[in-house]
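**Q** Once you've had a glance at the structure underneath, I'll fire off some questions.
The values are calculated or read from the model by the stated rules, or taken from the named source; none is laboratory data. Here the structure is a predicted model, which means the values were calculated and not measured. Heads up, the Cβs are rebuilt from the backbone with ideal geometry, glycines too, and the neighbour counts pull from every protein chain shown. Accessible surface is based on the protein model in full, side chains and every heavy atom, while ligands, DNA and RNA are left aside. Shrake-Rupley method; radii C 1.70, N 1.55, O 1.52, S 1.80 Å.
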Amino acid sequence: MSRPSLYFPKVVFRFFASVVQTGLLFIFGLVTGCSSEDEMSPVRPPSGDFVEGRTVLVYMCAQNSLGADLRHRSDSAELAEGRKFLADEDRLLVFLDDGGKPRIYLFTRDEKHPRVVRRWTEDICSTKPETFAEVLNWTRENYPSREYGLVMWSHADGWLPATDRNYVRPYSFGIDTGSSSMRGDKGPQMDVRDMARAIVAGGMHFRYIFFDACLMQNIETCYALRGVTDYVIASPMSIPAAGAFYTHQMQNGLFAADPTEIVGTYWQDVTDEVLWNDYDDYGIVISAVRTRRLEELAALMAEVLPRSEAARELWPDVSGVQYYQAYTSSYFYRPHNYDMRDAMRRLLSAGDYARMDRLLDEIIVRKEATDCFWIGPGYWTYGTVDKEHYCGLSMFVPQEVYGGNSRFTPLGDLNEAFRHTEWYEAAGWKHTRWGRNTESAKDML
């Protein structure tokens, strides 16, 4: 696909922001907030009667460049338009932390404008796990529902460790700049492991978690969240800055009986000529992962990795494997995000790969991809999707270059960071040649 020069400024913004957008709402008065219940302003939620439908919470960490650029306003209009598709038994809540004081909005089919149902009187950090857990607990207590859906909206880059101590652009999930400039994207982030713990602390289990955010569909993230959601729906790439088109997601996605409709609706919107001005030819790769068999997948990995190419070679050769992130200093040397199916095809024997492929087909219950997607960093730079072998779920594969460039990135040594993930332990990476060498070097310290 070619990129008309008309869209060059949009792509440059995408590169520098590495962002994604999701559903926000109208910014009606900048109401205030707090971190403790007794300091709350006297806004009363409706009765907490149990409803048979689905309550969807959109968790908006927008106190960063997304909020500074007011990119939430188009999403606000999309949500308002989409409210007409809400069923009587369904409810939409949006937690918003932007340049104003945090607040929670309720969208209903019959009310033209969203209604504030909770306000804080002071700024809070939306990327603190404690804040996230508090919002979840409040949602559960005040809007009890048969089931819940969660949309996570902000900057993101998957399982990678949060870089709070350095306050630089690479991030895990979310950025909260606090009182600093929202242009700089400097502030705390939420590690995906802490996200899972916060969901447990909030007393919640989700039918799905939809990350309308960059680089979140990787096996390391899905495995960390396996106990708190039935599905993880996300993209392994840096998605278009426009994010989901929420009018259509309200119609057939967020409240669909089958949550994987989010995947199909997202793909249809990105490829819809009517929405060209939002998406032009950026492209998309997106998938839905069913979490209940991820431990089975980890067990199979632990069985086959010790006899794979990764067991023979210190640094597994994945040249030619589909990847979703350009490895470059422009992206602070974030990893390649290799497609899991294609990587397994390279590393495993034919028999072991066949077993892995069958299980991946059962776990990745829906996937969609355009033929190409913008991968950057040049505005002309595209990745081509191998439709025969891709699965839309990425994985980390240790590479020598990640250690060699560790001094040039605030993320440090990605190989070492990977060793601290749950997936590393469960999937048997310690029994590969790389893993054994890593463990030996650690024991020598």
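**Q** In segment 195-212, what residues are of a type outside the set (Lys, Arg), assigned to a helix (DSSP H, G or I) and either closer than 18 Å to residue 421 by Cβ or free of Cβ contacts under 8 Å to residues at least 60 places away in the same chain (or both)?
**A** Step one: list which residues in segment 195-212 are of a type outside the set (Lys, Arg), which gives 195-196, 198-206, 208-212.
Filter once more, so that each one left must be assigned to a helix (DSSP H, G or I): 195-196, 198-201.
Across segment 195-212, the qualifying residues are 195, 196, 198, 199, 200.
**Q** If you check 269, 278, which single one turns out to be farther than 17 Å from residue 392 by Cα and open to solvent by less than 10 Å² (accessible area, probe 1.4 Å)? Reasoning before the result, please.
**A** On the way: 278 fails: open to solvent by less than 10 Å² (accessible area, probe 1.4 Å).
Going through 269, 278 in turn, just one is farther than 17 Å from residue 392 by Cα and open to solvent by less than 10 Å² (accessible area, probe 1.4 Å): 269.
**Q** Can you pull out the residues in segment 336-369 that are open to solvent by 20 Å² or more (accessible area, probe 1.4 Å), of a type in the set (Ser, Thr, Tyr) and touching a Ser or Thr at 6+ places or on another chain (Cβ under 8 Å)?
**A** Selection gives 349 alone.
**Q** To continue, here is another question. Do any residues in segment 132-159 that are closer than 13 Å to residue 203 by Cβ have Cβ atoms under 8 Å from those of residues that are open to solvent by less than 10 Å² (accessible area, probe 1.4 Å) and part of a helix (DSSP H, G or I), where the two are at least six apart or on different chains, and which pairs are they?
**A** Within 8 Å, the pairs are 132/195; 132/198; 132/199; 133/198; 133/199; 136/198; 136/199; 148/139.
**Q** Could you tell me whether residue 366 is in contact with a strand residue (DSSP E or B) (Cβ under 6 Å, 6 or more places away or on another chain) and within 20 Å of residue 293 (Cβ to Cβ)?
**A** On the way: in contact with a strand residue (DSSP E or B) (Cβ under 6 Å, 6 or more places away or on another chain): yes; within 20 Å of residue 293 (Cβ to Cβ): yes.
So residue 366 fits the description; yes.
**Q** Across segment 213-235, what is the number of residues that are over 20 Å from residue 136 (Cα atoms), part of a strand (DSSP E or B) and among the aliphatic types (A, V, I, L, M)?
**A** Here is the first cut: in segment 213-235, the ones over 20 Å from residue 136 (Cα atoms) are 214-220, 223, 234-235.
With the extra rule that they be part of a strand (DSSP E or B), the set shrinks to 218, 234.
Remaining after also requiring among the aliphatic types (A, V, I, L, M): 234.
Adding up the residues that qualify gives 1.
**Q** Hey, among the residues in segment 375-387 that are touching a residue at least 24 places away in the same chain (Cβ under 8 Å) and touching a strand residue (DSSP E or B) at 6+ places or on another chain (Cβ under 6 Å), which one's most open to solvent (accessible area, probe 1.4 Å)? If you could, list the steps in order and put the result at the bottom.
**A** Of segment 375-387, the ones touching a residue at least 24 places away in the same chain (Cβ under 8 Å) are 375-377, 379-383, 385-386.
The next check asks that each one be touching a strand residue (DSSP E or B) at 6+ places or on another chain (Cβ under 6 Å); those that pass are 375, 382-383, 385.
Details: 375: 18, 382: 48, 383: 10, 385: 12 Å².
Among residues in segment 375-387 that are touching a residue at least 24 places away in the same chain (Cβ under 8 Å) and touching a strand residue (DSSP E or B) at 6+ places or on another chain (Cβ under 6 Å), the one most open to solvent (accessible area, probe 1.4 Å) is 382.
**Q** Among the residues that make up segment 147-154, is at least one of them in a loop (DSSP other than H, G, I, E, B), closer than 27 Å to residue 397 by Cα and modelled with pLDDT of 85 or more?
**A** Start the filter on segment 147-154 by keeping residues that are in a loop (DSSP other than H, G, I, E, B), which leaves 154.
Restricting the remaining residues to those that are closer than 27 Å to residue 397 by Cα gives 154.
Still in the running and modelled with pLDDT of 85 or more: 154.
Within segment 147-154, one or more residues are in a loop (DSSP other than H, G, I, E, B), closer than 27 Å to residue 397 by Cα and modelled with pLDDT of 85 or more.
**Q** Is it the case, given these coordinates, that residue 253 is crowded, with 24+ Cβ neighbours inside 10 Å, of a type outside the set (Ser, Thr, Tyr) and modelled with pLDDT of 95 or more?
**A** On the way: crowded, with 24+ Cβ neighbours inside 10 Å: yes; of a type outside the set (Ser, Thr, Tyr): yes; modelled with pLDDT of 95 or more: yes.
Yes.
**Q** Looking at this structure, is residue 307 open to solvent by 70 Å² or more (accessible area, probe 1.4 Å) and of a type in the set (Lys, Arg)? Give the steps one after another, and end with the answer.
**A** Working: open to solvent by 70 Å² or more (accessible area, probe 1.4 Å): yes; of a type in the set (Lys, Arg): yes.
When the stated conditions are applied, residue 307 passes them.
Okay, residues lined up against (1) over 25 Å from the mean Cα position of the chain (by Cα); (2) among the aromatic types (Phe, Trp, Tyr):
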{"site": "304", "(1), (2)": "yes, no"}
{"site": "309", "(1), (2)": "yes, no"}
{"site": "321", "(1), (2)": "no, no"}
{"site": "324", "(1), (2)": "no, yes"}
{"site": "337", "(1), (2)": "no, no"}
{"site": "342", "(1), (2)": "no, no"}
{"site": "349", "(1), (2)": "yes, no"}
{"site": "356", "(1), (2)": "no, no"}
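**Q** Since residue 230 meets every condition but one in (1) touching a Pro at 6+ places or on another chain (Cβ under 6 Å); (2) open to solvent by 10 Å² or more (accessible area, probe 1.4 Å), which condition does it not meet?
**A** Only one criterion is unmet by residue 230, namely (1).
**Q** Another one. Looking at (1) at pLDDT 95 or above; (2) under 30 Å from residue 412 (Cα atoms); (3) open to solvent by 20 Å² or more (accessible area, probe 1.4 Å), can you tell me which one residue 85 breaks?
**A** For residue 85, the failing item is (2).
**Q** Can you pull out the helices (runs of 4 or more DSSP H) entirely within segment 238-350 that have at least 1 residues that are farther than 30 Å from residue 54 by Cα? Working first, answer last.
**A** Details: elements: 246-251, 261-270, 276-279, 294-304, 309-312, 340-347.
The helices (runs of 4 or more DSSP H) meeting that bar are 276-279, 294-304, 309-312, 340-347.
Here is a yes/no grid of residues against (1) modelled with pLDDT of 95 or more; (2) farther than 23 Å from residue 329 by Cα; (3) touching a Phe, Trp or Tyr at 6+ places or on another chain (Cβ under 7 Å); (4) crowded, with 22+ Cβ neighbours inside 10 Å:
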position	(1), (2), (3), (4)
98	no, yes, no, yes
107	no, yes, no, yes
122	no, yes, no, no
130	yes, yes, no, no
137	yes, yes, no, no
163	no, no, yes, yes
166	no, no, no, no
171	no, no, no, yes
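**Q** While we're looking at this one, here's another question. Taking segment 319-335, which residues are among the hydrophobic types (A, V, I, L, M, F, W, C) and surrounded by 21 or more Cβ atoms within 10 Å (Cβ to Cβ)? First the steps, then the outcome.
**A** So in segment 319-335, the residues among the hydrophobic types (A, V, I, L, M, F, W, C) come out as 321, 326, 332.
Residue satisfying the conditions is 321 alone.
**Q** Starting from segment 249-270, take each residue that is without any contact (Cβ under 8 Å) to a residue 12 or more places away in the chain and list its partners that are open to solvent by less than 50 Å² (accessible area, probe 1.4 Å), counting only C-beta distances under 6 angstrom and pairs at least six apart or across chains.
**A** Sorted first by the residue in segment 249-270, then by its partner, the pairs are 261/253.
**Q** Right, another one. Specify the residue that is farthest from the chain's Cα centre (by Cα); the eligible residues are those in segment 173-185 that are at pLDDT 80 or above and in a loop (DSSP other than H, G, I, E, B).
**A** Of everything passing the filter in segment 173-185, 178 is farthest from the chain's Cα centre (by Cα).
**Q** Looking at (1) in contact with a Gly (Cβ under 9 Å, 6 or more places away or on another chain); (2) closer than 28 Å to residue 272 by Cβ, which is the only condition residue 199 fails?
**A** All conditions pass for residue 199, except number (2).
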